[in-house]
Amino acid sequence: MEFVKLKPEELTCRCGDEEVRPAVSAAADGPPILPGQTRAIDAVEFGLALKKPYFNITVSGVSRSGKTTLVEQLCRARAKTEPPGRDICFVPNFADPHRPAVLYLLPGSGTQLNRLVDELLKTLDKQIPNLLEQPSVKAVIQQIAEMFEQRIQEITRQIEQVAQENGIFVQTTPQGVNMIPLKDGKPMTHEQFIGLGVEEREQIDKQRRVVFNRMAELNPKVMELEKERRDAVEEFLSKSVRQLVHSHIAGIRQRIEDQPRVVEFLTALEEELVDKRFLFLSESSGLQPFGGVELQVMRQHFARNCKVNVIVQRGGAESAPVIVEINPSFNNLIGGVDFIEEHGVLKSDFTQIRAGSLLQASGGYLIVQAVDLLQYPMAYAALKRALRAEQITLRDQFTELGLRSGAYLEPDPVRVNTKVIVVGDDYLIQLMHTVDDEFAGLFKIHADFSPTLERTDDVTGAMVRYLTFHAQRHELLPLTDGAVARVIEESSRKVAHQNRLSGQVNELLDILIEADQLARRDQKTALTRDLVERALRQRHERHARIEELVEREIREGTILLDFAGAKVGQVNGLAVYQVGRVSFGIPTRITAQAYAGRRGIINIEREAELSGPTHTKGLLILNGYLGKLFAGKEPLALSVSVCFEQNYGGIEGDSATAAEFFAILSTIAQVPIQQCIAVTGSMNQHGEIQPIGGVNEKVTGFFHFMKDRGFPPGAGVILPAVNRVNLLLSDEIIAAVGDGRFSIYPVRRIEEGLTVITGVPAGELQADGAFPARSVYGRAMARLKEFSAHAPPAEGAGKTGDGPGQAGDG
């Protein structure tokens, strides 16, 4: 009996050296664009060009696809055509120190303004003290002092005259004023005063009160004159210092962009410098109201609070900024207000305001990974708030948490003019769009990078140019055409499709890097196909411990499997195991036992709670097809148990449905199954074989066991015909297929596979409603009739309207 078998050329899709040679040569022309991602690239470029609020961009795709690098590349290309944006500065608000003001200046002007203000303070620190040393200034101060001194002396003489008339000498001491009586024109001693009589002492006290009352009348006038003198000196100094400061401020205005807020700041700074002029005076000037440590602290505080805090600098930049934020914590992404410690106390002021990457990228582009962003809920919420309001208020962490700190600041809000691009895998980006309506409203442009690419000549050429360029960029050894062609083949193998390539281009580059290490170790001068093959083999071996363990247990008989002969109700299914970055196929024994009864299909895995929903669904589909075949006229009198032997970890997926069907039909019809043939494939209720995943791993895994046993006659694998395009097998398997040692049977219907694995025709329904007696279905029908004769009556038998079938999974 002849069966359809796949030919060697159908088992892979090779890439010839001649296919890649032109693209390798063209790789030196410049950095190539990511291959095969035209739709995603167009979406990113559209989003970058759309300068409207809320049209930020999300980028999704599989990891290692080069999407982040491409987004950065596109952002930098567009940024070169755009202006660098403005400097952003905070300046003191002298009227309300808790509310510093923000300035937006031309590139470099913020740093220049800070330098000019710093130079101004240093200049005034020298020029204001020198101002007092000028002869003209000294003369005016002296003139003012002499004028008021004369008026004070006139009042003093009035007091002295009253004292003289009353025989009292007025003595001024640091402790106060002493009124000493005179005797013979000389001040009395204490003993002389004690020696006087009572009447004389009382008379002296009256004279003292007269003098004291006169002093009380005249002293306020003296104090007023002293104040007037100080005010006159201060007014003169204020005018002198104002002229000096104004001339310097005017120079700054000429060198800095003329805008209202800058003028307001410089005007306020001028008033503050004139008002705090005493801080520039030396203690020896006689005009300094403070001294010592107190004066030093005041000077430091004043100098710090007159600076310009440039939080965003654009000086020297020729294009818009592009920032890739690798750690989007709240402080790094949003910024805030830092603290400084003074004498064990945390303090802060406007000079401690710091911009995060969101503002550092103002006027340009900020790229952030979704998985990193979501690790910082505060940063995520603050980012959305800033993009929604198109501004951000920088606060200290306590205020952001709703706690008022002692160093409370409420700076002016800063405008946010940044295009934000959030990059992540498909699931995470879709989840953010789905569960967060606000996020979806702020990120209206989506770029979707495909995990697989069409394997056309253009895409293959672009892939080759990309790999060759980046190999040169990583300083790898020269690539031969064979090495590049082998990587292209591996690209198709990664996605298990002959007509597609993997979108994970950086994974392919890693293969070349590993091959380069092998080449350098062996002192080779170029990367060849053999070196790439060795790198792939060693990569698999590094992760093959579990695979080797399972294979050893099968060889030693710990896991019971048969690979030769024929058995009733027993078939070799194929499963795929994923361990780290490596997946491999392992055969698994599936058995079935049929007997008279009415329980239908008993899914032992489900009964033991080891069956996943997809596996259970597959058995229910199988049950439906059995009902169609054999329960057209009367219910099935059947109980059949199905089991994955030595399975203790659960079963999921429907790719074993065909194998389970074969085991069930084998045990019902008592037709043996060839153990040298393994089966994979799901089925539907019409008996059609549906595609499955992991086909290359499954075929390769079973091939190795057949190879170890010397390829028993008829060894092979039954798989869905529609999986032909997914086959990308090794040269060893292709060679074995070519010389007839191993076969691959593509089937479209369950009957084809049943015929292959049993060697007996499945059977076609005849006009009389029966199957041929020698066919598998015919034998099964005969056995089912025997079961029906011995099975207990169905529940409700004899009633009108009995259903056509009873089969179920228990």
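Restricting the range 357-374 to residues that are open to solvent by 40 Å² or more (accessible area, probe 1.4 Å) and touching a helix residue (DSSP H, G or I) at 6+ places or on another chain (Cβ under 9 Å) leaves a set whose member that is nearest to residue 326 (Cα to Cα) is 369. Within the range 94-106, being crowded, with 19+ Cβ neighbours inside 10 Å and outside any strand (DSSP E or B) holds for one residue alone: 100. When residue 434 is tested against (1) among the polar types (S, T, N, Q); (2) touching a strand residue (DSSP E or B) at 6+ places or on another chain (Cβ under 8 Å); (3) surrounded by fewer than 20 Cβ atoms within 10 Å (Cβ to Cβ), only condition (2) is not met. Picking from residues in the range 678-694 that are open to solvent by 10 Å² or more (accessible area, probe 1.4 Å) and of a type outside the set (Gly, Ala, Ser), the one that is nearest to the chain's Cα centre (by Cα) is 692. For the range 712-727, a residue qualifies if it is within 26 Å of residue 14 (Cβ to Cβ) and either of a type in the set (D, E, K, R) or at pLDDT below 95 (or both), and exactly one does: 724. The criterion of being more than 60 Å from the chain's Cα centre (by Cα) and within 30 Å of residue 270 (Cβ to Cβ) does not hold for residue 217.
Reported count of residues in the range 295-331, each being without any contact (Cβ under 8 Å) to a residue 24 or more places away in the chain and either within 16 Å of residue 122 (Cβ to Cβ) or among the hydrophobic types (A, V, I, L, M, F, W, C) (or both), is 5. Residue 419 meets each of the listed conditions (1) more than 30 Å from residue 40 (Cα to Cα); (2) open to solvent by 10 Å² or more (accessible area, probe 1.4 Å) apart from (1). Selection of the range 245-280 for residues being within 17 Å of residue 101 (Cα to Cα), in contact with a Cys (Cβ under 9 Å, 6 or more places away or on another chain) and among the aliphatic types (A, V, I, L, M) yields only 269. Scoring residue 587 on the criteria (1) in contact with a strand residue (DSSP E or B) (Cβ under 7 Å, 6 or more places away or on another chain); (2) modelled with pLDDT under 90 leaves a single failure, condition (2).
Applying a threshold of 7 Å to beta carbon distances and a minimum spacing of six or more residues, or different chains, the list of pairs starting in the range 236-263 at a residue that is within 19 Å of residue 277 (Cβ to Cβ) and ending at one that is among the acidic types (Asp, Glu) and open to solvent by less than 30 Å² (accessible area, probe 1.4 Å) reads 245/270; 246/270; 249/270. Could you grab me the full set of residues in the range 473-486 that are part of a helix (DSSP H, G or I), under 19 Å from residue 520 (Cα atoms) and either aliphatic (A, V, I, L, M) or in contact with an Asp or Glu (Cβ under 6 Å, 6 or more places away or on another chain) (or both)? Of everything in the range 473-486, those that are part of a helix (DSSP H, G or I), under 19 Å from residue 520 (Cα atoms) and either aliphatic (A, V, I, L, M) or in contact with an Asp or Glu (Cβ under 6 Å, 6 or more places away or on another chain) (or both) turn out to be 481, 482, 483, 484. Could you count how many residues in the range 433-458 are part of a helix (DSSP H, G or I) and among the aliphatic types (A, V, I, L, M)? Here the count works out to 3. Just one of (1) under 30 Å from residue 87 (Cβ atoms); (2) not in a helix (DSSP H, G or I) fails for residue 242. It is (2).
Considered as a group, the residues in the range 214-235 that are open to solvent by less than 90 Å² (accessible area, probe 1.4 Å) and not hydrophobic (A, V, I, L, M, F, W, C) include one that is nearest to residue 276 (Cα to Cα), and that residue is 234.
For the range 114-139, taking the residues that are of a type in the set (S, T, N, Q) and open to solvent by 60 Å² or more (accessible area, probe 1.4 Å), the one that is nearest to the chain's Cα centre (by Cα) is identified as 127. Across the range 181-209, which residue is farthest from residue 157 (Cα to Cα) among those that are among the hydrophobic types (A, V, I, L, M, F, W, C) and surrounded by 15 or more Cβ atoms within 10 Å (Cβ to Cβ)? So, considering only residues that are among the hydrophobic types (A, V, I, L, M, F, W, C) and surrounded by 15 or more Cβ atoms within 10 Å (Cβ to Cβ), the one farthest from residue 157 (Cα to Cα) is 196.
So for the range 624-639 (the condition being open to solvent by 20 Å² or more (accessible area, probe 1.4 Å), free of Cβ contacts under 8 Å to residues at least 60 places away in the same chain and under 43 Å from the mean Cα position of the chain (by Cα)), does at least one residue qualify? So far as the range 624-639 goes, no, none of its residues is open to solvent by 20 Å² or more (accessible area, probe 1.4 Å), free of Cβ contacts under 8 Å to residues at least 60 places away in the same chain and under 43 Å from the mean Cα position of the chain (by Cα).
Selection of the range 298-320 for residues being part of a loop (DSSP other than H, G, I, E, B) and open to solvent by less than 20 Å² (accessible area, probe 1.4 Å) yields 306, 308, 314, 320.
Restricting the range 609-636 to residues that are among the small types (Gly, Ala, Ser) and touching a helix residue (DSSP H, G or I) at 6+ places or on another chain (Cβ under 8 Å), which is farthest from residue 682 (Cα to Cα)? Across the range 609-636, the extreme among qualifying residues is 611. Note on the range 332-424: enclosed strands (runs of 3 or more DSSP E) holding 3 or more residues that are within 25 Å of residue 96 (Cα to Cα) and modelled with pLDDT of 90 or more are 353-355. Residue pairs whose Cβ atoms lie under 9 Å apart, separated by 6 or more positions or on different chains, with the first residue in the range 759-784 and over 22 Å from residue 677 (Cα atoms) and open to solvent by less than 30 Å² (accessible area, probe 1.4 Å) and the second part of a helix (DSSP H, G or I) and of a type outside the set (Gly, Ala, Ser), are 771/629; 771/777; 771/779; 771/781; 784/630; 784/668.
On the basis of being touching a Pro at 6+ places or on another chain (Cβ under 9 Å), open to solvent by less than 20 Å² (accessible area, probe 1.4 Å), assigned to a helix (DSSP H, G or I) and touching a residue at least 60 places away in the same chain (Cβ under 8 Å), does residue 461 make the cut? So residue 461 fits the description; yes.
The single condition from (1) open to solvent by less than 40 Å² (accessible area, probe 1.4 Å); (2) in contact with a strand residue (DSSP E or B) (Cβ under 6 Å, 6 or more places away or on another chain); (3) among the hydroxyl-bearing types (Ser, Thr, Tyr) that residue 111 fails is (1).
Note on the range 589-622: residues that are touching a Cys at 6+ places or on another chain (Cβ under 6 Å) and closer than 21 Å to residue 576 by Cβ total 1. Residue count for the range 587-627, restricted to those that are part of a helix (DSSP H, G or I) and of a type in the set (Val, Ile, Thr): 4.
Checked against the criteria, residue 536 does not count as open to solvent by 20 Å² or more (accessible area, probe 1.4 Å), farther than 26 Å from residue 695 by Cβ, aliphatic (A, V, I, L, M) and not in a strand (DSSP E or B). The listed residues are 224, 199, and the only one of them that is at pLDDT below 80, part of a helix (DSSP H, G or I) and either closer than 19 Å to residue 162 by Cβ or not β-branched (Val, Ile, Thr) (or both) turns out to be 224.
The values are calculated or read from the model by the stated rules, or taken from the named source; none is laboratory data. Just so you know, these numbers come straight off a predicted model, no measurement behind them. Quick reminder, even Gly has a Cβ in these numbers, built from the backbone with ideal geometry, and neighbours come from all protein chains shown. For accessibility, only protein heavy atoms count, side chains too; no ligands or nucleic acids. Shrake-Rupley method; radii C 1.70, N 1.55, O 1.52, S 1.80 Å.
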